[in-house]
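Contents: one structure, followed by commentary.
The values are calculated or read from the model by the stated rules, or taken from the named source; none is laboratory data. Given the structure is predicted, the values throughout are model-derived calculations rather than measurements. Reconstructed Cβ throughout: ideal geometry from the backbone, glycine too, with neighbour counts over all protein chains shown. Accessible surface is based on the protein model in full, side chains and every heavy atom, while ligands, DNA and RNA are left aside. Shrake-Rupley method; radii C 1.70, N 1.55, O 1.52, S 1.80 Å.
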Protein chains: 4
Amino acid sequence: MPGNTFGEIFRITTFGESHGLAVGVVVDGCPPGLELSETDIQKELDRRRPGQGQLTTTRSEEDKVRILSGIIEGRTTGMPIAMIVENKDVDSTPYLEIKNKPRPSHGDYTYAVKYIHRDWRGGGRYSGRETVGRVAAGAIAKKLLASIGIEILSHTVNIHGVEVGEVSVSDIIENATKNPLRCANLEIAKKMEAEIIKAKQEGDSVGGIIELIALNVPPGLGEPVFDKLDADIAKALMSVGAVKGVEIGAGFKVAFKKGSENNDPFYIKNGKVRTKTNNSGGIQAGISNGMPIICRVAVKPTSSIAKRQETVDLEKMENTTIEIKGRHDPCIVPRVLPVCEAMLAIVLTDHAIRSGYLGCLEE
Amino acid sequence: MPGNTFGEIFRITTFGESHGLAVGVVVDGCPPGLELSETDIQKELDRRRPGQGQLTTTRSEEDKVRILSGIIEGRTTGMPIAMIVENKDVDSTPYLEIKNKPRPSHGDYTYAVKYIHRDWRGGGRYSGRETVGRVAAGAIAKKLLASIGIEILSHTVNIHGVEVGEVSVSDIIENATKNPLRCANLEIAKKMEAEIIKAKQEGDSVGGIIELIALNVPPGLGEPVFDKLDADIAKALMSVGAVKGVEIGAGFKVAFKKGSENNDPFYIKNGKVRTKTNNSGGIQAGISNGMPIICRVAVKPTSSIAKRQETVDLEKMENTTIEIKGRHDPCIVPRVLPVCEAMLAIVLTDHAIRSGYLGCLEE
Amino acid sequence: MPGNTFGEIFRITTFGESHGLAVGVVVDGCPPGLELSETDIQKELDRRRPGQGQLTTTRSEEDKVRILSGIIEGRTTGMPIAMIVENKDVDSTPYLEIKNKPRPSHGDYTYAVKYIHRDWRGGGRYSGRETVGRVAAGAIAKKLLASIGIEILSHTVNIHGVEVGEVSVSDIIENATKNPLRCANLEIAKKMEAEIIKAKQEGDSVGGIIELIALNVPPGLGEPVFDKLDADIAKALMSVGAVKGVEIGAGFKVAFKKGSENNDPFYIKNGKVRTKTNNSGGIQAGISNGMPIICRVAVKPTSSIAKRQETVDLEKMENTTIEIKGRHDPCIVPRVLPVCEAMLAIVLTDHAIRSGYLGCLEE
Amino acid sequence: MPGNTFGEIFRITTFGESHGLAVGVVVDGCPPGLELSETDIQKELDRRRPGQGQLTTTRSEEDKVRILSGIIEGRTTGMPIAMIVENKDVDSTPYLEIKNKPRPSHGDYTYAVKYIHRDWRGGGRYSGRETVGRVAAGAIAKKLLASIGIEILSHTVNIHGVEVGEVSVSDIIENATKNPLRCANLEIAKKMEAEIIKAKQEGDSVGGIIELIALNVPPGLGEPVFDKLDADIAKALMSVGAVKGVEIGAGFKVAFKKGSENNDPFYIKNGKVRTKTNNSGGIQAGISNGMPIICRVAVKPTSSIAKRQETVDLEKMENTTIEIKGRHDPCIVPRVLPVCEAMLAIVLTDHAIRSGYLGCLEE
């Protein structure tokens, strides 16, 4: 039955519900000797924290992490690292009245059918709050990757149809941190924000597309034939709540291309094999080829909206309507970004270790 | 290091290279009591078999399957079912001269980097031939699913930009089997074929998009929070060689939608909970909701093309060009279709068993 | 690298060090609907708690458990159950001076070699304190097993050569709870205690043998051919710190027997198949046969003893001696008993679920 | 449901029944570059082959192995290595009449209960013939271990109460290969053989004890806290059909010892840390310490004996008797020896890779 563990060697197990006592994660398989403090984790958690302006929910959580194990004298020991974040600003009242009325396109119905006795408070386990554990684990993964030079970038490429257009890696590095949406074009960022605020005013929500880039990934990560690097990335990203699509490199555009256009020609640059184009997105036959890894995910509009919606009463088994009163994000994209970064970092760390990297960190 | 096993309870392990002695699969976790013969497997293998007309490679393989274990008196015993298909029409000569010149966007380079001592004959393990084992295992999965009413359909929705447009499930059932591309609109099918033949004449290849539909999936399949049904489907499909993108339900279109448009309103129909639309693609919060499961995959144009291409000589570490002389498919879509069906069937079977279905088959 | 997770479907992940902030466990795969409170867990933890008399260490830990997730309205939800116990009575001073002098037959040396940067305080992760998480998880397993009638008993059969002799199940039920050693013969219990007190006075320690019995296990648990029920029990019990041997049924006595003596004849009793003897220990070909499951484990004398011992200085790489000053158990058997019960309960629960039991608990 | 796969990184999946078409194994995770031929495998298979004299069954199997995949130009490629052995000398007639009368202490009853539709011919999957796949995989493991200097020895220490007594490693190397029982004392070997022949004449069988030694194992293999090296060894060995007990180092003798006797004092020898005694059996806190790994397994007397035995008729559900007419070993010890060696080799290989050894084999 269980599915709360991810990764083969760098392996995380998350736990906790939106309105329970705490959310958290146990990270097993972190190599010993890594410098690690709660500050490293907190930095990443703060990026996904709610209550950061009008683009996100008004739920206010300090999200203060506590590391319970696996560290001595500021360094990891190779033992499991347990981290918890206690829930503070919990208000379950709005959920009581919709307990038997599943919110459309949320997890209420499927959890009620599958588990019968479910935690109905604030989305319980299927709340976005579950991702706290992922981001905390991802913070460790990022530090490990950084130790071998790998860096992960993310930016928003589309919000409700507003496309960022062509941007370079340096655009992303320079501009994405300057706006809450992490859009690499600051003009477009404003238009995207306008879309979100408009949706919010209508009691509605909007979706978008995120792009993730991993730089300096060595060739050779990924395992044939099922644990391909792209297959594991696809699983990792699709496991994030609001994600409905994942593509690697040229992605769905390959359907419009000929082989001669889509193939990435090899050439030698500074004694290294490179490709002239990167339609492969850095992965060929499931194994990294040394070029940047590029993937995109489709993020659906938040399913919890203020507008009245049609649903059913599961107790009376009759049609009814619902108005959702909790605090929700009009666009989940800015908060999904750090979660997707975390998941990509976790997959790369796991595969890096599987391929013989990160075996021993020097003290 | 290994990644050749897929599934938690219904678990398959594939083996074999394109030009080795045989390819095959061991299927573990098949419940006892299922009627199963080599004919059941052969039927599916024949669908992915090469040498079936001008749309596919001219390699001619009989692909005759032999079941070595796990069956007595025509029924499964619950023990591992090993199946092998011997390779017959093997010609490794064309590969000898390109041994050190990796074909662009194929697995030659990444396997050479990762494994050093690789099987260079006909793509070795990263050849499409590896999928024989998947399809054989998928045939068992389909029989198991059929025993609880689940049916899997697939059809081609795009070849090199030629879109099928709106089609119904009955269009798919009626028309898709009538053409090798499994296009549900017979007029469009001809246009698609024309694209492929044109590419072939140019020594080129084209890509496309496949849609998969699973009917009558009961609500409740899928596990929180990483082993979500859609996450496992994404991994399963992305692990197929030429696939570069996977989407569920509305997929990447969610980026253009508002929550009020994208949410699927619930209603009661014949005493059952249904949704009016199916943008969720039958999966909510990672768990099936009883509606049809719908997913699409992007299939890249075959990377092996006849046209001269730029590459490198890995021994001399210098730029060079390559002309590929093996036998290849100008469009891999028709042969990827049964493989994707198989992978979807395997995921659904695994999750059905994990959710308590298929525990005991009546004799 | 990681090995802190146990079980396939009922799956536990433990964390925490002896002198860290907390020890704990995440239990994934517990079916929804089970009534569960902190009292249920505390009851079992109290049995392994230190500081309970002269037979055990003087470290005094309240071992108060907190359940962080997976429960609402007094029942499980099917989501991960995280439980933590904070460490209170921590005194790392005695360990500082022996930091580079590995205690003979303890984990100091092997952890130092493998992890280099290890938690040297009080045995860190290889302390017996790690078993808190196992016992907490075992408490849940026992409740699940009880719901299908399975009960687990344990008793001490040997302490430093003092054998309990022939005892019946009712002797165990009646007498084992009446003495801290859980010996089923109260006269023998006194002799065993005398051995322990004598060893303590000498600054030494003694070992023993524990027997575990699982009653009312249905036939059919266990999987061919590697995940045999007895194989998983052997792993579970051998993974407990001080255990050096595991036997099932007649165990090592089979070496002295003929087939005609060792085979368990079948017969019908009240319409059920039973065996006249139980040399198989309730398991045949790796699958339970409906008879009581019987296994024994050998528990070594505590390696931390007060007597001066020969060891090496790992920094200076020279021979030296050591006197261990921490607080230790002169005989670990009474505290290993509940841990072994917990591990057996976890294996049986996991296999019961794998065999289709415990799928849905009635509310 | 499945349990036919063993190992985390060096991972084997076996298949096949005693009287089916073939038995075999898929070995995944073997590093690339290892020289490997069918001769390497055959050598080990020949050691467990039946029909080798009066101590074993008269079933005559050539046991000719075929490697189907994973090798090119005489070296492994890192891809799955599938190996099959076809069954030749199959005679299912004697099993037909006992189809519904389970042989005492064999797997007939438990498989009938669990799977209902079982392969009743010659023990099907629970026949000793299943171990062909283990031994074939073990042959690869042994070659990998040899490449880092690790060697595995085994010898018989007890047959039906006849003990070998004190023997040295050189006794084992010199004498064990000189007699089919692999007894390191040639005088005792004769007495052991006499016991077996006597049992055979009585239509009976006898059990025994095997000792396994792994030399030159580096310190550091094994993972806390559940995947301890000794825990995995215990599972591996207990998963072998006739094994009823496993002990490491001093094993059950620890119950009779004081800590001061049982602890292994450390000292420096040639700049390396060694222990003066080896009651730990080379493993401390679940991790190898660089001393020889020593374990013993109890092998029960073959359950298939010629003598008339009491059993039940599962169809009529009434008491009856049975006379078993198949061909069986009067003592399974000599044939279990290579299987146990194989399992130990597989565990050590898996853990060696998990600890960073065997990552890349030089060509």
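Give the range B:283-340 a look and list any residue that's open to solvent by less than 10 Å² (accessible area, probe 1.4 Å) and in a strand (DSSP E or B), or say none. Hits for the range B:283-340 are B:I283, B:Q284, B:I287, B:S288, B:I293, B:C295, B:V297, B:A298, B:V299, B:T311, B:V312, B:I322.
In the range A:170-200, what residues are over 20 Å from the mean Cα position of the chain (by Cα), touching a residue at least 12 places away in the same chain (Cβ under 8 Å) and surrounded by fewer than 18 Cβ atoms within 10 Å (Cβ to Cβ)? Correct list: A:D171, A:K191, A:I197. In the range C:8-19 there is at least one residue that is over 30 Å from C:A189 (Cβ atoms), among the acidic types (D, E) and under 18 Å from the mean Cα position of the chain (by Cα).
Candidates are the residues of the range B:1-19 that are open to solvent by 10 Å² or more (accessible area, probe 1.4 Å) and over 24 Å from B:R354 (Cα atoms); the one that is nearest to the other protein chains (Cβ to nearest Cβ) is B:M1.
The numbered conditions (1) within 30 Å of B:I283 (Cβ to Cβ); (2) modelled with pLDDT under 95 are all true for A:G356 except (1). Taking the range C:20-69 as the range and being of a type in the set (S, T, Y) and either buried (at least 22 other Cβ atoms within 10 Å of the Cβ) or modelled with pLDDT under 95 (or both) as the test, the residues that pass are C:T56, C:T57, C:T58, C:S60, C:S69.
Applying the criterion of being of a type in the set (D, E, K, R) and under 17 Å from D:T302 (Cα atoms) to the residues of the range D:56-103, the residue that is nearest to the other protein chains (Cβ to nearest Cβ) is D:R103. For the range B:250-270, the criterion of a residue being of a type in the set (A, V, I, L, M), crowded, with 23+ Cβ neighbours inside 10 Å, within 23 Å of the chain's Cα centre (by Cα) and not in a loop (DSSP other than H, G, I, E, B) is satisfied by no position.
Screening C:E195, C:E223, C:E247 for residues that are under 30 Å from C:R11 (Cα atoms) and either more than 8 Å from chain D (Cβ to nearest Cβ) or part of a strand (DSSP E or B) (or both) leaves exactly one candidate, C:E247.
Please verify whether C:A342 is among the aliphatic types (A, V, I, L, M), more than 22 Å from the chain's Cα centre (by Cα) and within 30 Å of D:Y111 (Cβ to Cβ), treating the condition exactly as stated.
Numbers: among the aliphatic types (A, V, I, L, M): yes; more than 22 Å from the chain's Cα centre (by Cα): no; within 30 Å of D:Y111 (Cβ to Cβ): yes.
So C:A342 fails the test.
If I filter the range A:104-125 down to residues being within 7 Å of chain B (Cβ to nearest Cβ) and of a type in the set (V, I, T), which single residue comes out as nearest to the chain's Cα centre (by Cα)? So the residue we want is A:T110.
Condition check ((1) more than 18 Å from the chain's Cα centre (by Cα); (2) at pLDDT 95 or above; (3) among the small types (G, A, S); (4) open to solvent by less than 10 Å² (accessible area, probe 1.4 Å)) across all residues:
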{"position": "A:S127", "(1), (2), (3), (4)": "no, no, yes, no"}
{"position": "A:R134", "(1), (2), (3), (4)": "no, yes, no, yes"}
{"position": "A:A137", "(1), (2), (3), (4)": "no, yes, yes, yes"}
{"position": "A:S147", "(1), (2), (3), (4)": "yes, yes, yes, no"}
{"position": "A:V157", "(1), (2), (3), (4)": "no, yes, no, no"}
{"position": "A:V162", "(1), (2), (3), (4)": "yes, yes, no, no"}
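Taken over the range A:201-220, the criterion of being more than 10 Å from every other protein chain (Cβ to nearest Cβ) and either acidic (D, E) or open to solvent by 40 Å² or more (accessible area, probe 1.4 Å) (or both) is satisfied by A:Q201, A:E211, A:N216. The condition of being in contact with a Gly (Cβ under 8 Å, 6 or more places away or on another chain) and on the phi > 0 side of the Ramachandran plot holds for only one of B:G123, B:G133, that being B:G123.
Pull up the range B:85-119, narrow it to residues that are of a type in the set (A, V, I, L, M) and touching a Phe, Trp or Tyr at 6+ places or on another chain (Cβ under 9 Å), then point me to the one that is surrounded by the fewest Cβ atoms within 10 Å (Cβ to Cβ).
Taking the range B:85-119 as the starting set, the residues that turn out to be of a type in the set (A, V, I, L, M) are B:85, B:90, B:96, B:98, B:112-113, B:116.
Then keep just the ones that are touching a Phe, Trp or Tyr at 6+ places or on another chain (Cβ under 9 Å); that gives B:96, B:98, B:112.
Values: B:L96: 9, B:I98: 19, B:A112: 19.
That would be B:L96.
The residue pairs whose first member lies in the range D:28-41 and is within 11 Å of chain B (Cβ to nearest Cβ) and at positive phi, whose second member is assigned to a loop (DSSP other than H, G, I, E, B) and open to solvent by 10 Å² or more (accessible area, probe 1.4 Å), and whose beta carbons are closer than 6 Å, counting only pairs six or more residues apart or on different chains, are D:G29/B:M1; D:G29/B:P2; D:G29/D:I9; D:G33/B:H117; D:G33/D:L361; D:G33/D:E363.
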